[in-house]
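Take a look at the structure set out below.
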Amino acid sequence: MSYINYSKKKNNIALIDCNSFYVSCERLFNPKIINKPVVVLSNNDGCVISRSTEAKKIGIKMGEPYFKVKDLVKKNDVQIFSSNYALYGDISRRVMKVIKEFSDKMEIYSIDEAFISLAFVENQRLNEYGKEIRKKILKWTGIPTSIGIANTKTLSKVANYIAKKNKTGVIVLDKEKDIDEELKKFDISNIWGVGKQLSKLYMKNNIDTAYKLKNISNTWVKKNTNVLGAKTVMELRGIPCVELQTIEPKRKSCCVSRSFGKKVENIEKLKESITTHCLSAAEKIRGEDQVAKTITISIRTSPFDRHREYYSNSITIDLPIATNNSIELIKAATEGLIAIYKYGYFYQKSGITLSNLNDAGKEEFNLLAPLLETKSKSLMKAIDLTNTKYGRNSISIAQAGVSNSWKMRREHFSKIDTASFDSLPMLKI
Ligand SMILES: [Mg+2]
């Protein structure tokens, strides 16, 4: 196999992962819950998606539906929060900004994880360097992290997992003997890139630890898995096969959809929801200086409601001029909604997707475009600036409604908005 020729060059990759990220974000603004069990719920207060160490100890499982843990919550005085993605996104940006200072090669892997290259750091200094990163993130953003450092991404994931479990904060795996010792205790299903299917296959063949996988024969891997499987084995051996993706690919589409807190029958309420989705999608693509040529609108009733007929429909509209103007997009979306709406159904979800995205200014030539563009650009810019300065939705469109009775169920919402002065803590004198 071609990968046999890979050399073991010094790579040193660090994986920095925020601890119980959503919970940590809520704690930033609510110090009273610091040593208490805390849980954050998914959209519409559905399932548990983030747990503090205290909540884990009580036995609350990841992904469990909220109604199933209600007894545990009551008994142990667990603090519950509805998800606040605007807050988490903002704190994430701050954390990433701090991490960026420590390396010129960085891959943001998820909202709370990033890989960075530490190839320029001497091996004996890795631990100290990791501790420095951790300390600075904590000091500047208030978010605790765990850091795993190793020669490959897969091994840095292993190191990170151990760092989190042992609460040591930083784990460096750079000596063969230490790596092997850890891999012997490391469950096959916890390896990065080993999904459910692959894990089943390995287990069937008595490969139940990372160490066994590392020492499997190349012929067996070639015969029984694919390229990704082979790469994982190589990475466990300390041979880098998965590169850092330092350039963030621009988004190809932008989708905003929500399930409603209460079912919606009325078209006016659906219009409100579609308008609100358009506003947030348009703001997102404007933030990346993109324009959309196509918009898709979709609505559906609940597939689980046995007493009522199911209805689901969507429509895609090709816009005459690619745009990121909220008003234009809302106009098109409203027309689309009217075309697919059917009276007499109880709708549960609506969504819009902006696609055919392109960099603004690169769209095809249109006689009217330059004229319209300057006008709309300054209006949109003014809206975005106002909303950044005075809080989200300070300026909105009337059609987005004010009561928003369809909105997500968020019974435990912390109402913290880092873009709004109103949510700054006040000192009572
Ligand atoms: Mg995390």
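The values are calculated or read from the model by the stated rules, or taken from the named source; none is laboratory data. Predicted, not measured: the structure shown is a model, and the values here were computed from it. Cβ sites come from the backbone with ideal geometry, for glycine too, and all protein chains shown count toward neighbours. Side chains included, ligands, DNA and RNA excluded: accessible areas come from the protein's heavy atoms. Shrake-Rupley method; radii C 1.70, N 1.55, O 1.52, S 1.80 Å.
Show me 18-30, 149-161, 176-188 ranked by packing, highest mean number of other Cβ atoms within 10 Å first.
On the way: 18-30: 22.2, 149-161: 25.8, 176-188: 15.0.
Ranked from most to least packed, the peptides come out as 149-161, 18-30, 176-188.
Along Cα→Cβ, 7 Å out, is where each label goes; now give me the distance between the ones at residue 42 and residue 223 in nm to one decimal.
4.0 nm
At each listed q (0.10, 0.14 Å⁻¹), what is the log10 of I(q)/I(0) that the Debye formula gives for the range 9-174 modelled as equal alpha-carbon point scatterers?
-0.39, -0.72
Under a straight-distance cross-link criterion of Cα-Cα below 17 Å, which lysines are reachable from residue 184, leaving out those fewer than 8 residues away in the same chain?
Residue 184 reaches 157, 165, 175, 212, 214.
With a point put 7 Å past each Cα toward its Cβ, work out how far residue 313 is from residue 70 in nm, to one decimal.
Calculated label separation equals 3.6 nm.
Given a 10 angstrom Cα cut-off, can you work out which residue in 306, 286, 51 is the most mobile in a GNM of the chain?
Between 306, 286, 51, it is 306 that shows the largest mean-square fluctuation.
How much accessible area does residue 112 have with a 1.4 Å probe, in Å² rounded to the nearest 10?
Answer for residue 112: close to 30 Å² accessible.
Sort 96-104, 324-332, 256-264 by the packing proxy (mean of other Cβ within 10 Å over each peptide's residues), most packed first.
Details: 96-104: 16.1, 324-332: 20.9, 256-264: 18.0.
Top of the packing list down: 324-332, 256-264, 96-104.
Suppose R0 equals 56 Å. What FRET efficiency, 1/(1 + (r/R0)^6) with r the Cβ-Cβ distance, do residue 386 and residue 119 give to the nearest 0.05?
Between residue 386 and residue 119 the formula returns 0.80.
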